[in-house]
Amino acid sequence: MIYADNAATTRMSETAINTMVSLMQETYGNPSSLYFFGQKAKEVLEQAREDIAAAIGASPKEIFFTSGGSEADNQAILSAAELGKKAGKMHIVSTAFEHHAVLHTLEKLKKNGFEITLLDVHENGVILPEEAEAAIREDTCLVTIMYANNEIGTIQPIRRIGEICRKKGVLFHTDAVQAIGHIPVNVVDDNIDMLSASAHKFHGPKGVGFLYAKKGIRLTNLIEGGAQERGKRAGTENVPGIGAMAEALKEAVAGLDKNAADISAKRDKLIKGLKEIPHCALNGDAERRLPGNVNFCFEGIEGESLLLLLDDKGIQASSGSACTSGSLDPSHVLLAIGRVHDVAHGSLRLTISEETTDNDIECIIKSVKEVVEYLRGFSPVWRDLVSGKTPFIL
Ligand SMILES: *Cc1c(COP(=O)(O)O)cnc(C)c1O
């Protein structure tokens, strides 16, 4: 088996698993309880908060634990919207290729009277800071732009955009779910006001994440109840999950430089191998991309059939994002970078990790070549392309 879908989720690290098990067995008190067991759990939470803050250059009071990246995105955007509304500012700037946790939240706000400007992400999947700057108006309350895209892996000029937002006095949120633990992120250097992260994208457990909100930003509650998370997120804390998330993040950050270099080298080898397939194209900039991300379109085939046949060969990959697979619409990200429907349908995302071996890379290249050729063998679309009935796009 070769697992090449690390953008969908990652395998938990041994350290994270051991931390989680030990916390479940031994530190089962409620952190809000005043007796010894409760206080032990509280210590775990506060240590995790410190470790996570340190990993991104924040202070512990700026970290709020959530159920994952989606919740953090929702809370960040809805908080900025609430603040904006009070100040009579109801315009938000974002991009067309955000995660649905961001896009659907923005759609909800639009129904409630907000105006949304979605920036062009261009053919290479990278937005231009000057276009972000030009989109900011007097009534803009928030700019929300993802750190790195989950489908095509492109890394955005976050530091520069943050700088522009600071200058203009507009709140800046980034969905950094794909970036944290994979590339260096520092909320101070990068001029970030709010940031979302999710543990299961950096070898931590599922169902836990965090929101960083710079000191002074008033958050809106999504969940009402007890006074946990300084009154901003009710509900008994997921102590084992949070403790394991902190361990996973420390591990990821400690190994980041080495892993990023190793994984990037494997990524480039994989890209080079797949490029030998006729009529294909890499999606997203070749350089400004996450270490583990490879995303291709192959003309004349269906991404879904490609996935199923790769699965038969023991290779787990994805076409588009896990959240939208099962629907027949092509990926909104590929459409945003200008791929036409037919081409976008023939997409394949392979996201590798430090666990991927050179052997795995060779095997993936060989298998994808075989499967693409096989599928094209009986594709009517491919036949029309080859016969010249319809022109090739790629
Ligand atoms: C996975 C992902 C999310 C959602 O995170 P969950 O913890 O699964 O809710 C949000 N944004 C991006 C970019 C992601 O990759």
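Numbers at a glance
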{"item": "Residue selected from segment 89-103 under the condition among the β-branched types (Val, Ile, Thr) and more than 8 Å from the ligand (Cβ to nearest atom), by the criterion surrounded by the most Cβ atoms within 10 Å (Cβ to Cβ)", "result": "92"}
{"item": "Options 4, 58; residue that is crowded, with 20+ Cβ neighbours inside 10 Å, outside the structural domain of residue 309 (by TED's automatic domain parsing), away from the ligand (no atom under 16 Å from the Cβ) and in contact (Cβ under 8 Å) with a residue 12 or more places away in the chain", "result": "58"}
{"item": "Check on residue 126, within 16 Å of the ligand (Cβ to nearest atom) and either part of a strand (DSSP E or B) or farther than 16 Å from residue 195 by Cα (or both)", "result": "yes"}
{"item": "Inter-residue pairs, beta-carbon under 8 Å, first on the phi > 0 side of the Ramachandran plot and in segment 87-114, second among the hydrophobic types (A, V, I, L, M, F, W, C) and away from the ligand (no atom under 16 Å from the Cβ), 6+ apart", "result": "113/90"}
{"item": "Unmet requirement for residue 120, which otherwise passes all of (1) closer than 24 Å to residue 208 by Cα; (2) touching a helix residue (DSSP H, G or I) at 6+ places or on another chain (Cβ under 7 Å)", "result": "(1)"}
{"item": "Qualifying positions in segment 130-152 - of a type in the set (Lys, Arg) and surrounded by 17 or more Cβ atoms within 10 Å (Cβ to Cβ)", "result": "none"}
{"item": "Those residues of segment 354-379 which are crowded, with 22+ Cβ neighbours inside 10 Å and in a loop (DSSP other than H, G, I, E, B), in sequence order", "result": "356"}
{"item": "Matching option when the condition is more than 23 Å from the chain's Cα centre (by Cα), closer than 24 Å to residue 253 by Cβ and of a type in the set (Asp, Glu), among 14, 43, 71", "result": "43"}
{"item": "Single condition residue 384 does not satisfy, out of (1) of a type in the set (D, E, K, R); (2) farther than 30 Å from residue 261 by Cβ; (3) buried (at least 20 other Cβ atoms within 10 Å of the Cβ)", "result": "(3)"}
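Per-residue answers, yes or no, for (1) buried (at least 18 other Cβ atoms within 10 Å of the Cβ); (2) in contact (Cβ under 8 Å) with a residue 12 or more places away in the chain; (3) more than 16 Å from the ligand (Cβ to nearest atom):
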position: 234; (1), (2), (3): no, yes, yes
position: 247; (1), (2), (3): yes, yes, yes
position: 251; (1), (2), (3): yes, yes, yes
position: 262; (1), (2), (3): no, yes, yes
position: 265; (1), (2), (3): no, no, yes
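The values are calculated or read from the model by the stated rules, or taken from the named source; none is laboratory data. Values in this document were obtained by computation on a predicted structure and should not be read as measured data. Every residue, glycine among them, receives a Cβ derived from its backbone with ideal geometry; neighbour counts consider all protein chains shown.
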